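Visitor: Sharing a structure here in structure tokens format.
The values are calculated or read from the model by the stated rules, or taken from the named source; none is laboratory data. Everything numeric here is computed off the predicted structure, so don't read it as measured data. No Cβ is skipped: glycine too gets one built from the backbone with ideal geometry, and neighbour counts run over all protein chains shown. What goes into the accessible areas is simple: the full protein's heavy atoms, side chains included, and nothing from ligands, DNA or RNA. Shrake-Rupley method; radii C 1.70, N 1.55, O 1.52, S 1.80 Å.
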Amino acid sequence: MSLRFAFAGFRHGHIFSLLGRVHQDPACEVVAACEPDAATRAELATSGKVEITHESLADLLADTPCDVVAIGDYYGARGDLAIQALEAGKHVVVDKPLCTSLDELNRIESLAKAKGLAVGCQLDMRAGPTRQTLHRIVQSGEIGEVLTVSFSGQHPLMYGSRADWYFQPGCHGGTINDIGIHAMDLIPWVTGREITEVTAARAWNGKTPQAPHFDDCGQMMLRLDNGGGVLGDVSYLAPDACGYSQRQYWRFTIHGTKGVAEIRGGDPNVMVADHTDKEPREIPGEASPNARDYFADFGACAEGRPEEADLTTALVLRAARLALTVQHAADQGLTQVRM
């Protein structure tokens, strides 16, 4: 089965990797693209990255047959665009985050279920060799029952070069939702445990006085279904020039009853130690032979083969709900919020 993709919004660069995947897949084609922002349309026309055929998704849906709407607009616009597409009977795949409010997510989930439509998200953390190796080690029981997870998702903010809409009220939707959604997908997958409670969370403005409403820092304490705990930091505090290569750019440390395992940004190995080890062991990260990614999984779900997918619509919605619930707890100062 071939899938006809229409793209809605290009104001975040991640969407271009999805556009590239569609172009590379002989079973997929791009049939239309819309961009409501005039400045972005002009930039795209100059760069030649994509041909814009419409200014609004409503007009695109009215006159262009398609199967999938791929969404890359600013975060605050994504929920409404996804709802429009689902109401029109289209599958949806979105750059992360999926949306910025629980009300939007509830509507998205309801429409997808009622119409039998797939919802995908560019959650790519499962695809890395060290992450897949960590998954195998933890799932094998080598470190025993998981009791604690500590993670850091420190990102560089790059104020001045990052898109202006990040710092405009109503456009971003929160640092925890923005970055933390990756961890909300990865942690249950690696550990086999569900996140059942937001024990506490906090978001605040730490280093961006130019945008006082923008909370560039985010931290959380969560509870697992076996009583274990999670501590996480997803702040925009990494140094601008080297932020994506430092160890705190996605570092996960998992302690269990028998030992510990850790992955960290830029390190090709997984560190593992149990109670008999005199020194920690370094296990080379190795991709699983049958590894899939979010794009292949979304295609399987959209084509009616969800049993082939690792990251299903239900798991995309779960990750979004976890991230939004933690963000809401941080924004409202709530504690012990049950999932």
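Visitor: Projected onto the charge dipole of the chain (+1 at Lys/Arg Cβ, -1 at Asp/Glu Cβ, origin at the Cα centre), which of Leu311, Val69, Gly265 gives the Cα projection farthest towards the positive end?
Guide: Gly265
Visitor: For Lys113, which lysines qualify as cross-link partners when the Cα separation must be under 19 Å and same-chain residues fewer than eight apart are set aside?
Guide: Lys90
Visitor: Plugging the Kirkwood radius over Cα pairs into Stokes-Einstein for the range 198-313, at a temperature of 20 °C and a viscosity of 1.002 mPa s, what D comes out in µm²/s?
Guide: Numbers: Rh = 17.9 Å.
Estimated diffusion coefficient is 120 µm²/s.
Visitor: A further question on this structure: Which cross-chain or sequence-distant (5 or more) residues have an amide H under 5 Å from the amide H of Leu224, H modelled 1.01 Å from N in plane?
Guide: Those qualifying (amide H under 5 Å, at least 5 residues apart or on another chain) are Thr196, Gly229, Val230.
Visitor: Among rounded, prolate and oblate, which fits the range 3-95 when a ≥ b ≥ c are the square roots of the eigenvalues of its C-alpha gyration tensor, a/c under 1.5 means rounded, and a/b larger than b/c means prolate? Mind showing how you got there, number by number?
Guide: Values: a/c = 1.38, a/b = 1.10, b/c = 1.26.
Judged from the Cα gyration tensor, the range 3-95 comes out rounded (a/c under 1.5).
Visitor: Okay, next question. What percent do you get for the relative contact order of the range 210-335 when only Cα pairs under 8 Å and 6+ apart count? Show your work: numbers first, answer last.
Guide: Details: 132 pairs, mean separation 13.1, N = 126.
Averaging sequence separation for qualifying contacts and normalising by length gives 10 percent for the range 210-335.
Visitor: Same structure, new question: Can you check what the Kirkwood hydrodynamic radius comes to for the chain, Cα pairs only, in Å to one decimal?
Guide: Working: mean 1/r = 0.0483 Å⁻¹.
Every distinct Cα pair counted, the radius reaches 20.7 Å.
Visitor: Have a look at the DSSP beta bridges in the chain and tell me what percent are antiparallel, nearest 5. Intermediate results must be reported in sequence, preceding the final value.
Guide: Values: 34 of 58 bridges.
Among the beta bridges of the chain, antiparallel pairing accounts for roughly 60 percent.
Visitor: Now for a separate question. Per residue, how much accessible area does the chain have with a 1.4 Å probe, in Å²?
Guide: Values: 14440 Å² over 339 residues.
Dividing the accessible area of the chain by its residue count gives 43 Å².
Visitor: Explain nothing, just the number: relative contact order of the chain, from Cα pairs under 8 Å at least 6 residues apart, as a whole percent.
Guide: Details: 738 pairs, mean separation 62.4, N = 339.
Over the chain, the number comes to 18 percent.
Visitor: Taking the Cα centre of the range 161-290 as origin, work out the dipole magnitude from +1 charges on Lys and Arg Cβ and -1 charges on Asp and Glu Cβ, in debye rounded to 20.
Guide: Working: 11 positive and 17 negative charges, 39 e Å.
My answer is approximately 180 debye.
Visitor: Please calculate the 1.4 Å probe accessible area of Trp165, with all protein chains present, and give it to the nearest 10 Å².
Guide: Accessible area, nearest 10 Å²: 10 Å².
Visitor: Let me ask something additional. For a protection proxy built on the mean count of beta-carbon atoms within 10 angstrom, sort 228-238, 139-149 highest first, please. Display every interim value, and only then the final one.
Guide: Numbers: 228-238: 20.8, 139-149: 15.7.
Ranked from most to least packed, the peptides come out as 228-238, 139-149.
Visitor: Now, a different point. In whole Hz, what ³J(HN,Hα) sequence does the range 305-321 give by Karplus (6.51, -1.76, 1.60; θ = phi - 60°), x for Gly and Pro?
Guide: Karplus values, whole Hz, x for Gly and Pro: 10, x, 5, 8, 8, 8, 9, 8, 4, 4, 6, 4, 5, 5, 4, 5, 5.
Visitor: How many percent of all Cα-Cα pairs in the range 99-252 sit more than 23 Å apart?
Guide: Working: 5352 of 11781 pairs.
Percent of Cα pairs beyond 23 Å in the range 99-252: 45.
Visitor: Helix-derived [θ] at 222 nm for the chain: sum -39500 (n - 2.57) over DSSP H runs of at least 4, divide by residue count, nearest 500?
Guide: On the way: 9 runs with 111 residues, N = 339.
About -10000 deg cm²/dmol.
Visitor: Can you give the charge dipole size of the chain about its Cα centre, rounded to the nearest 20 debye, using +1 on the beta carbon of Lys and Arg and -1 on the beta carbon of Asp and Glu?
Guide: Working: 30 positive and 44 negative charges, 121 e Å.
Dipole size: approximately 580 debye.
Visitor: Ok, one more. Of all the C-alpha pairs in the range 272-331, what % are more than 20 Å from each other? Please report the intermediate quantities before stating the final value.
Guide: Numbers: 995 of 1770 pairs.
Cα-Cα pairs of the range 272-331 separated by over 20 Å account for 56 percent.
Visitor: Mind checking the dipole of the range 13-96: about its Cα centre, +1 per Lys or Arg Cβ, -1 per Asp or Glu Cβ, Debye to the nearest 20?
Guide: Details: 6 positive and 14 negative charges, 58 e Å.
I would put it at about 280 debye.
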